[in-house]
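Encoded as C-alpha cells, the structure appears first; notes follow it.
The values are calculated or read from the model by the stated rules, or taken from the named source; none is laboratory data. Note that the coordinates shown come from a computational prediction; the quantities given were computed from them, not determined experimentally. Every residue, glycine among them, receives a Cβ derived from its backbone with ideal geometry; neighbour counts consider all protein chains shown.
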Amino acid sequence: MSEARSEDGPAEGVFSIEVVPPARGAGLEDLFAAVETLLPYGPSRVSVTDHPAGPPDGTPLPGGGFARSGPRSKPGTLGTALALQSAFKIRAVPHLVSRGANRFAMEDLLIDLHYAGFRELFIVRGDDRFYRDPGNAGSEAPGSGYSCAADLVAHAAALNRGEYLPPGGHGKPTAFRIGVAGYPEKHFAAPNKEADLRKLKEKVDAGASYIVTQMVFDPRRYFEFVAALREAGIAVPVIPGIKPLTRASQAEGVPRNFFVDVPDSLLRSLEEARTPEEERRVGIRAAALLSEELLAGGAPSIHFFTMGRGGATRDVLDLVFGGPEGSRVRGASGVREGLR
C-alpha cells in the first residue's frame, strides 16, 4: 500500500529526528554535537522527549500498587527544545505527557510554548515504567487531570480555537500542529488491536494532524498498519519510526523496553557478526534498506529515534541518499547502487 504524501502533515523534509534531554546535571554539548552531525542532511524537525517523575511517592494506584517518586532523571524538555530552536533555527517539537498532568498547569505551559514561538507539539499518554507496578498504573485521576492522551489533544486543539479554561474564556487562538503516537504492533496496555485503533482515532478526532509510529523493523508492519488506519477512517499522514540497531544486545533489549518485535533475520545477522565494526555495518545496512522500502512504498518521511546520538542516523542517510544533498531532494527514495 502506498501512503499518500500530504501537505497537512510534517512533509517538509524526508526525515525528522527524536532526541532525549540530557541527564540531570549534564550539559547540552553532546546533544548539540549529535544534532550538528545531521543538520547538513536537512531534518524537518527535532522532537524532544519528556520524562515525567510520576505522582508523589506512596500514591495508591488503581488496581493496587503504589507510585514511585523522585526527581526526573532527564528534566529540561522545554529548555532543550528552546535551545535547539535558538541555536540551529530548526523546528523543535516538545513532547507533552498527559499522565499525571494538571489541566491548569498544562494550559499555562501551552501558553508559554505559544509565546516562545513553538508551532508544533507531540502529545503522549506517558510511560507506565515510571511506576512501581506498571500493570496496575491505570488512568490519571479524574477532575483536574486527563483521562488519556486524547483529552490533552482536545485541550490543545481548544486553544487553537481560542477556547481557554475558566476564567480565561475566549481569547487569542494558538496555532499548534499536534502529533501523536501510533503502534503498528499494538500498544502493550491495549487489550487488542481493535481497541488500540479506536484510541488512536480518538486522538485524531480530537485534533491530531499526524501520527508517528513506534519503531518498526519490518516494512510490512507499517503498511498493514496504514491500511488498517485508512479502513478505520483515519486519513492523517503516518510517519514510520526507525531505530538503527548497531549491536546484538540492542536487538535483545529494544523488545523488552519498547514492546516491539525484531526480525529474526536481523537478530541472527547481528549475532553472527565477528567484530563490533561488522555488527554496526549490519545494523546500518538493515536500517537503510528498511528506510528505502518505506519511502519507496509511499511513507511521507522517516522519523529516527536517535537517543541523542547522530552517527548511526547519519550513516543510514548516507547509504540511502548518498550524502546530504541527496537527502534534501524531496521524494528521493532510490538506494545507492550496491546497497541491495
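Summary of computed values
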| item | result |
| --- | --- |
| Enumeration of residues in region 235-249 that are over 23 Å from Ser47 (Cα atoms) and either hydrophobic (A, V, I, L, M, F, W, C) or within 14 Å of the chain's Cα centre (by Cα) (or both) | Ala248 |
| Qualifying residue in region 29-52 (condition: at pLDDT below 90, in contact with a helix residue (DSSP H, G or I) (Cβ under 7 Å, 6 or more places away or on another chain), surrounded by 13 or more Cβ atoms within 10 Å (Cβ to Cβ) and within 24 Å of Ile123 (Cα to Cα)) | yes |
| Glu202 vs. criteria surrounded by fewer than 18 Cβ atoms within 10 Å (Cβ to Cβ), assigned to a helix (DSSP H, G or I) and in contact with a helix residue (DSSP H, G or I) (Cβ under 6 Å, 6 or more places away or on another chain) | yes |
| Of all residues making up region 220-261, the number that are in contact with a Phe, Trp or Tyr (Cβ under 6 Å, 6 or more places away or on another chain) and either at pLDDT below 95 or of a type in the set (Asp, Glu) (or both) | 1 |
| Region 183-205 residues that are within 13 Å of Ala149 (Cβ to Cβ), paired with ones that are acidic (Asp, Glu) (beta carbon under 7 Å, 6 or more apart) | Tyr183/Asp196; His187/Asp196; Ala189/Asp128; Ala190/Asp196 |
| Options Arg161, Arg177: the member that is within 26 Å of His114 (Cβ to Cβ), loosely packed, with under 13 Cβ neighbours inside 10 Å, of a type outside the set (Ser, Thr, Tyr) and at pLDDT 95 or above | Arg161 |
| Residues that are more than 18 Å from the chain's Cα centre (by Cα) and at pLDDT 95 or above, drawn from region 299-317 | Arg314, Asp315, Val316, Leu317 |
